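Read through the structure below, which is laid out as structure tokens, and then see the notes.
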Amino acid sequence: MELLAVSLGGCTAMDVISILNRMRQPVEAFTVEVSGERAEEHPKQYTSLEVVYRLKGDLDERKVARAIGLSETRYCSVAATLRPAVEITSRFEIER
């Protein structure tokens with residue numbers, strides 16, 4: 001189950017950093033943290049996952065939000081596979 005969460009984080013992270021690079025956004029540091037809630041009963045599947053993006057640099061918040069949105073809705077095949085069975089939410093923090 002942990003590998004499934006890591007797969008989501010890795011898939012979306014690759015997309016987001018690639019999109020931000022194409023947008024010429026100066027990303028100095030980037031991490032992704034994924035946490036989730038699981039059902040009480042077996043097979044104890046994920047019921048929800050939260051992805052937190054932490055970025056550092058002089059970044060345009062609208063471009064960061066756009067890159068994340070594109071990853072979540074268009075490019076990340078892991079997110080597409082998990083939806084609609086699993087609620088996936090996200091947020092981001094920018095350190096300047």
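Taken together, the values in this text are just the output of simple stated rules run on the coordinates, not laboratory data. In this text the structure is predicted, and so the values were computed from the model without any measurement. Ideal geometry is used to build each Cβ from the backbone, glycine not excepted, and the neighbour counts take in all protein chains shown.
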Checklist entry - Which three lengths, in whole Å and largest first, does the chain cover when its Cα atoms are put on their principal axes? => result 45, 23, 19
Checklist entry - What ranking of 31, 12 emerges when the number of other C-beta atoms within 10 Å of each C-beta is taken as an exposure proxy, fewest first? => result 31, 12
Checklist entry - What is the spin-label model distance, in nm, from residue 62 to residue 93 if the labels are put 7 Å beyond Cα along the C-beta direction? => result 2.6
Checklist entry - Using the Karplus equation 6.51 cos²θ - 1.76 cosθ + 1.60 (θ = phi - 60°), what ³J(HN,Hα) coupling, rounded to whole Hz, does each residue of the range 19-26 give in order, writing x for Gly and Pro? => result 5, 5, 4, 5, 7, 6, 8, x
Next on the checklist: Per 0.36 nm of contour for each residue apart, how much would the distance between residue 40 and residue 83 grow if the chain were fully extended, relative to their Cα-Cα spacing?
Outcome noted: 13.5 nm
